[in-house]
Amino acid sequence: MKNCLFCKIGAGEIPSNKLYEDDTLLAFYDIDPQAPVHFLVIPKQHIGSAAALTEQDAALVGHVFAVIAELCRKLGVEEGGYRIVTNIGADGGQSVPHLHFHVLAGRSLAWPPG
Ligand code: AMP
Ligand code: ZN
């Protein structure tokens, strides 16, 4: 999608600190980390948020979670634990309107969120 920041990052038009990439998705470190480990996973195709997902996206979403689990194993945060978050819309705190999953790790995270 034109003028979408994460479409441009997914296409390599805007640089990112990449952790993982394949045909369908990209994982890269968040520019404003909220934990010692904070990366984002995005589909390369434009999906506005998790609210736009359908049954057709089942394989993509499964792939996202499998890649996150593998990356967290590689980063050594599996044992300590981590959090996967996807914000939706204004009240959900979404600032970039392209589906992304935050992965936060490396410290004890509070619950409930603010
Ligand atoms: P959200 O507020 O849930 O939409 O999350 C958007 C996230 O994208 C925030 O955590 C930002 O810090 C992060 N972000 C924005 N621009 C960039 C960028 N160019 N590279 C990496 N992360 C970014
Ligand atoms: Zn996009």
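The values are calculated or read from the model by the stated rules, or taken from the named source; none is laboratory data. Note that the structure is a prediction, hence the values are computed from the model and not measured. Ideal geometry is used to build each Cβ from the backbone, glycine not excepted, and the neighbour counts take in all protein chains shown. Protein only, heavy atoms only, side chains kept; ligands, DNA and RNA dropped before computing areas. Shrake-Rupley method; radii C 1.70, N 1.55, O 1.52, S 1.80 Å.
A compact table of results
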{"item": "Accessible area of the range 1-47 belonging to carbon and sulfur atoms, whole % at 1.4 Å probe", "result": "52"}
{"item": "Alpha-carbon Rg with Dmax, taken over the range 10-61, Å", "result": "12.2, 34"}
{"item": "Inter-centroid distance (Cα atoms) of the range 90-114 relative to the range 1-65, Å", "result": "14"}
{"item": "Full-stretch length increase - R107, Q45 - with 0.36 nm per residue and alpha-carbon distance subtracted", "result": "19.2 nm"}
{"item": "Karplus-derived 3J(HN,Hα), 6.51/-1.76/1.60, for each residue of the range 18-23, Hz, glycine and proline x", "result": "6, 9, 7, 8, 9, 4"}
{"item": "Furthest towards positive pole of dipole, A69, L5, S49, structure part the chain, Cβ charges", "result": "L5"}
{"item": "Rg to Rh quotient for the range 52-107, alpha carbon positions, Kirkwood Rh", "result": "1.02"}
{"item": "Cysteines (scope the chain) whose Cβ has no counterpart Cys Cβ under 4.7 Å", "result": "C72"}
{"item": "Where the range 1-81 is the region considered: accessible area per residue in Å², 1.4 Å probe", "result": "59"}
{"item": "Under the Karplus curve 6.51 cos²θ - 1.76 cosθ + 1.60, θ = phi - 60°, whole-Hz ³J(HN,Hα) for the range 84-94, x wherever Gly or Pro sits", "result": "10, 10, 10, 8, 10, x, 4, 5, x, x, 7"}
{"item": "Label-point separation, T54 to K2 (7 Å along Cα→Cβ), nm", "result": "2.4"}
{"item": "Ratio Rg/Rh [Cα only; Rh per Kirkwood] for the chain", "result": "0.94"}
{"item": "Interchain or long-range residues, amide H under 5 Å from K44's placed H", "result": "L25, L26"}
